[in-house]
Structure formats: structure tokens, C-alpha cells
Amino acid sequence: MTDLAPGKRLRSTVSDAEIIVVRAPELPVQLSCGGEPMVEDLTTPGATRTSADDNGIVLGKRYVDTESGLEVLCTKPGLGVLTASGRVLTIKAPSALPASD
């Protein structure tokens, strides 16, 4: 999948996880969840998969791939690990607000 434009909604085929692309990647990437490619078809319910190895995708968290510049937002939590062309996406650290005196 190479046309990851901002605003594009994707879902996992192996769990209930859904994401939306916040920042498009600079390089072409294959976005996957739980080892399976994510799809645009939001009408077909995802299969629920349970595994003790999965931390899960957390609702409201932003995930980034620093190599490609991809940034996504979790809109529905689910099990699995988000990857971009085999690289695990990490949770984006919150920005510090300026101090007020």
C-alpha cells in the first residue's frame, strides 16, 4: 500500500484496531497490524485475535515510523503490533507545553 494520504482510514484484518493517517510517509511503506496488511474496507468487521505477546494498539495514541515519516492515530483499539515495511511503529511522545509563570 503506497497511497497513504492524510485522513485515510484503515483497519486491521486480524483484530478490531482502526487507525487514521495523520502524516503521509515520505517513502512508500506497507502498513501492517499483527503481521497482516491493513485494509480500507471498514464495512467488514475485523477478526478478534488474542495473544499474550501483543501489547495492543491504544485508543487516542499516535504511532510514528521515524524512517519514513509516517504518523497514524488509533481511532479504535485492538490487539496487534503496527508495522511499516517490517519496522515497528512507536508511540509518539507528547510535546511539552511552554511553562507559564
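The values are calculated or read from the model by the stated rules, or taken from the named source; none is laboratory data. These numbers come from a predicted model, not from an experiment. Note that we place each Cβ from the backbone using ideal geometry, even for glycine, and neighbour counts take in every protein chain shown.
Once region 16-26 is narrowed to residues that are assigned to a loop (DSSP other than H, G, I, E, B) and modelled with pLDDT of 90 or more, the residue that is surrounded by the most Cβ atoms within 10 Å (Cβ to Cβ) is Ala17.
All of Val29, Val64 fail the test of being among the aliphatic types (A, V, I, L, M), at pLDDT 95 or above and surrounded by 16 or more Cβ atoms within 10 Å (Cβ to Cβ), apart from Val64. When region 60-76 is filtered for residues that are within 10 Å of the chain's Cα centre (by Cα) and either part of a loop (DSSP other than H, G, I, E, B) or of a type outside the set (Lys, Arg) (or both), the ones remaining, listed by number, are Lys61, Tyr63, Val64, Asp65, Leu70, Glu71, Val72, Leu73, Cys74, Thr75. At pLDDT 90 or above and part of a loop (DSSP other than H, G, I, E, B): does that describe Gly46? Taking the combined requirement at face value, the residue does not satisfy it.
Among the residues making up region 60-101, a single one is without any contact (Cβ under 8 Å) to a residue 24 or more places away in the chain and in contact with a Cys (Cβ under 8 Å, 6 or more places away or on another chain): Gly60.
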